[in-house]
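The block underneath contains the structure these notes are about, expressed in structure tokens.
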Amino acid sequence: MMIAPEQPQHAAGIESLLDDAFGAKRHAKTVYRLRAGIEPVAGLSFVATDEDGRLVGTIRYWPVLVGGATPAILLGPIAIHADWRSKGLGGTLIRYSLDRAAEQGHRIVLLVGDAPYYARFGFTRENTLDLSLPGPVDLDRFLGLELVPGALAGVSGLVGRADGSSAPADEQDGLPAEAADGNRAGELAGPLPLPPAPILSAAVLPATVLPPPDLGPSASPHRPRRSARR
Ligand SMILES: CC(C)(COP(=O)(O)OP(=O)(O)OC[C@H]1O[C@@H](n2cnc3c(N)ncnc32)[C@H](O)[C@@H]1OP(=O)(O)O)[C@@H](O)C(=O)NCCC(=O)NCCS
């Protein structure tokens with residue numbers, strides 16, 4: 001198993017993985033408003049491939065602005081091929097990418113997803129109580145993580161598009177809240193502007209050394225603001 005930066009040639013495989021994981025309606029979600037027409041965060045899109053070179057995992061992040069002023073990144077989508085789930089790969093991709101995000105100086109990570117899964121990485125609903133999203137979302141699924149302790153202190157307001165533009169109106173208006181979560185949300189198709197990058201030798205992860213699913217946030221330099229371990 002290997003984790004490497006996403007390259008343009010991965011785009012089709014990623015779309016296939018996302019279709020399998022989230023279905024055809026994945027574009028009609030609230031977080032898609034924050035992503036549409038905006039490029040993912042450079043250097044934070046990774047893929048996992050198996051020993052035969054098949055693409056079995058993807059993770060991307062999008063930039064957002066909180067309250068029109070505070071930069072943050074939106075985790076997702078993440079998807080793991082059905083044959084590879086519950087083997088620790090999702091957790092490895094999340095921890096690896098969060099570590100890279102911290103190294104790049106990002107301070108706040110937001111997502112819409114299942115708290116029972118994301119709590120193990122330090123994401124909490126408490127961290128987003130003063131924030132809102134531009135559309136219907138099950139708020140129990142709106143989670144945040146401070147990569148830098150205190151990064152969310154005093155931060156409040158609407159999570160908006162990184163370019164400050166209004167969210168595009170689309171067919172998601174009127175969706176029921178549970179259909180409007182972010183991590184089951186849509187993704188942009190097409191190649192990404194990531195520069196060619198070498199395979200990350202440090203990220204070569206034989207399946208036998210994948211961490212257990214509940215390794216916990218200790219594997220990352222960042223710490224949750226509040227204890228949120230499962
Ligand atoms: C969610 C996903 C990325 C996790 O990747 P993974 O490689 O299977 O996850 P890990 O191996 O790191 O962790 C597996 C553990 O997480 C749990 N888990 C997986 N998805 C979960 C979810 N949505 N809610 C709660 N727990 C979840 C598994 O039951 C397993 O628990 P266990 O260790 O107690 O057996 C992957 O299952 C996937 O792509 N699913 C389809 C897309 C999807 O449903 N995404 C929604 C997430 S909000």
### Task
For region 58-82 and region 119-134, write down the distance between their C-alpha centroids in whole Å.
13
### Task
Mind running the shape call on region 78-173? Use the C-alpha gyration tensor, a ≥ b ≥ c as the square roots of the eigenvalues: rounded below 1.5 for a/c, prolate if a/b tops b/c, oblate otherwise.
oblate
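Read-outs: derived from the displayed coordinates by stated rules, not from any lab. None of these values were measured; they are calculated from a predicted model.
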